[in-house]
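The structure appears right after this line, and notes come after that.
The values are calculated or read from the model by the stated rules, or taken from the named source; none is laboratory data. Worth saying up front: this structure is predicted, and the values here are computed from it rather than measured. In this analysis, Cβ positions are derived from the backbone assuming ideal geometry, glycine residues included, and neighbour counts consider all displayed protein chains. In case anyone asks, the SASA skips ligands and DNA or RNA and just uses the protein heavy atoms, side chains included. Shrake-Rupley method; radii C 1.70, N 1.55, O 1.52, S 1.80 Å.
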Amino acid sequence: MTEIIRKKRNGDALSQQEIEVLVSGFVDGSIPDYQVAAWLMAVYFQGLDDEETAFLTDAMMRSGEILDLSSIPGVKVDKHSTGGVGDKTTLIVAPLVASAGLHVAKMSGRGLGHTGGTLDKLQSIPGFRVDLSPEELIASVRDHFLAVGAQNERLVPADKKLYALRDVTSTVEQISLIASSIMSKKLACGADAIVIDLKVGSGAFIHNREDALKLATIMQATAKRMGRRLTAVMSDMDQPLGHYIGNAMEVYEAVQTLQGKGPKDLTDLCLELGSHMLLLGEKVTDPAKGREILSEALQSGAALAKFREFVVAQGGDPGVVDQPSTLLGNPFSREYLAEEDGVIHALDAFQIGLAAMRLGAGRETKESIIDPLAGIRLWKKIGEKVKKGDLLATLYSQSESSFDVAFPILSSAWKIDPAPVQVNPLILQVIQG
Ligand code: URA
């Protein structure tokens with residue numbers, strides 16, 4: 001191990017065998033944390049080349065169980081979001097592409113901090129089960145074209161250990177480490193091809209386009225070396241996606257979107273991601289055709305019917321699809337009003353996510369209990385004109401005392417100014433694989 005650290009410290013490339021030794025030794029405990037910590041810092045400064053990143057991804061992927069999706073017909077395309085605020089796209093995109101004949105076997109995670117997780121959102125549906133065994137997941141995908149399960153502990157144990165060490169050694173931001181962490185998990189879940197929704201902005205872990213482009217490029221190169229295709233869709237996360245942030249509220253907005261009544265930003269992003277999934281899944285030969293098919297599935301009710309079928313298949317109450325307003329319950333609420341006239345210049349996604357977390361919609365620590373009804377409804381977004389006293393947001397929570405904590409955070413997210421403002425496009429760039 002000292003030789004591996006020294007080589008990386010000096011900027012030399014590591015062999016596949018050296019990376020394999022490091023990963024397997026770290027997972028089985030024969031290589032101590034302090035040596036891996038030193039290696040991580042050397043990687044932080046010297047980087048990994050494309051080949052080393054692919055070796056690391058491969059060794060991490062093989063550190064635990066690998067889901068075998070070979071019994072499911074066709075190309076298996078996974079979709080991954082790097083995490084944002086109000087990001088309920090999986091709830092829409094997965095049934096949308098499934099309704100167009102693409103098989104989707106998805107392993108999702110829970111939310112932590114200011115970002116939400118798909119599992120928490122789905123579990124706000126009464127009865128919905130996410131603890132599927134691999135056999136159940138595969139059977140459900142075969143029968144219904146779609147299943148979403150919880151990523152289990154036996155998949156990619158190397159990532160869990162490495163991520164924890166990166167977290168405490170300030171090496172999380174290194175681009176090859178991020179790429180190998182995300183991709184090893186996707187590949188262990190059986191993906192043949194991947195569409196990455198790379199969020200860029202205040203509510204994402206990548207704050208500028210330059211870094212996002214670097215990450216997209218290295219992920220694409222890694223995928224290629226591993227015989228997979230990867231498309232990166234860079235999307236804006238300076239403000240939250242859609243109008244609802246919070247678990248049950250996001251399912252509500254997802255159902256509205258599947259009914260063809262969703263907000264434009266969310267609908268557009270879902271169509272973009274979905275059309276690239278259809279392309280990689282060889283269902284269409286160009287994304288414009290994919291968009292056409294998916295728009296039709298939203299209008300005809302086919303995507304909504306697929307979502308309903310999926311909810312029933314995983315034990316959830318289909319009443320939430322037939323009458324989505326039942327999801328919202330009857331929590332306490334408080335209104336946030338504009339303090340001045342002007343145009344909304346900023347609606348900081350990070351602050352909004354943090355405020356939603358304080359209301360109970362997110363986890364401060366892994367052990368925190370989620371309030372499924374907590375969240376924020378945004379009535380206005382960047383570029384809209386407002387007058388003093390207009391309703392900007394409604395906060396919801398089952399804990400009335402949480403409003404006093406969330407309110408000042410929420411108010412710091414808004415910037416209102418008399419000057420006009422240029423609104424960022426939602427889809428910043430697509431790098432097709
Ligand atoms: N998401 C991951 O899964 N891993 C990282 O390293 C960063 C974001």
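Sequence neighbours fewer than 8 away in the same chain don't count; with that in mind, list the aspartates and glutamates whose C-alpha is under 17 Å from K366.
Within reach: D120, E153, D159, D167.
Counting only helical runs of four or more DSSP H residues, what would the 222 nm mean residue ellipticity of the chain come to if each run contributes -39,500 (n - 2.57) and the total is spread over all its residues? Please report the intermediate quantities before stating the final value.
Details: 17 runs with 195 residues, N = 433.
Estimated from H runs of four or more residues: -14000 deg cm²/dmol.
What's the magnitude of the charge dipole for region 326-417 around its Cα centre, counting Lys and Arg as +1 and Asp and Glu as -1 at the beta-carbon? Answer in Debye, nearest 20.
So the dipole magnitude of region 326-417 works out to roughly 220 debye.
Which one of L410, I245, I92 has its Cα pushed farthest toward the positive end of the charge dipole of the chain, where Lys and Arg give +1 and Asp and Glu give -1 at the Cβ?
Working it through, the farthest residue towards the positive pole turns out to be I92.
Give the angle, between 0 and 90 degrees and rounded to the nearest 10, that separates the Cα long axis of helix 89-99 from the longest principal axis of the Cα atoms of the chain.
Helix 89-99 sits roughly 80 degrees off the main axis of the chain.
With a 1.4 Å probe and all protein chains left in place, how much of the accessible area of the chain comes from carbon and sulfur atoms, in whole percent?
Details: 8760 of 17410 Å².
Looking at the chain in its full context, I get 50 percent from C and S.
Using a 10 angstrom cutoff on alpha carbons, build the Gaussian network for the chain and name the most mobile of S63, S368, S411.
Evaluated over the chain, the most mobile residue of the options is S368.
Would you please report the Å³ per residue occupied by the convex hull of the alpha carbon atoms in the chain? Present the calculation step by step, with values, prior to reporting the outcome.
Details: hull volume 58.4 nm³, N = 433.
Enclosed volume per residue, from the Cα hull, is 135 Å³.
Compute the distance from the alpha-carbon center of region 200-248 to that of region 337-365, in whole Å.
Using only Cα atoms to place each centre, the spacing works out to 21 Å.
Roughly what angle does helix 175-188 make with the longest principal axis of the chain, taking Cα atoms, 0 to 90 degrees, to the nearest 10?
Computed tilt is about 90 degrees.
Pairing the Cα long axis of helix 302-313 with the longest principal axis of the chain, what angle in degrees results, from 0 to 90 and rounded to the nearest 10?
Once rounded, one gets 70 degrees.
Whole number in Å², please: accessible area per residue of the chain, 1.4 Å probe, ligands, DNA and RNA not counted.
Details: 17410 Å² over 433 residues.
Value for the chain: 40 Å² per residue.
Quick one: putting +1 on the C-beta of Lys and Arg, -1 on the C-beta of Asp and Glu, what dipole do you get for the chain around its Cα centre, in Debye to the nearest 20? Before the final figure, lay out each step's value.
Details: 44 positive and 55 negative charges, 70 e Å.
For the chain, the charge dipole is close to 340 debye.
Which pairs, out of K88/K387; K79/K264; K185/K264; K199/K380; K79/K224, put more than 27 Å between their alpha-carbon atoms? All intermediate terms of the calculation are to be shown ahead of the outcome.
On the way: K88/K387 30 Å; K79/K264 20 Å; K185/K264 31 Å; K199/K380 21 Å; K79/K224 17 Å.
Checking Cα-Cα distances, K88/K387; K185/K264 exceed 27 Å.
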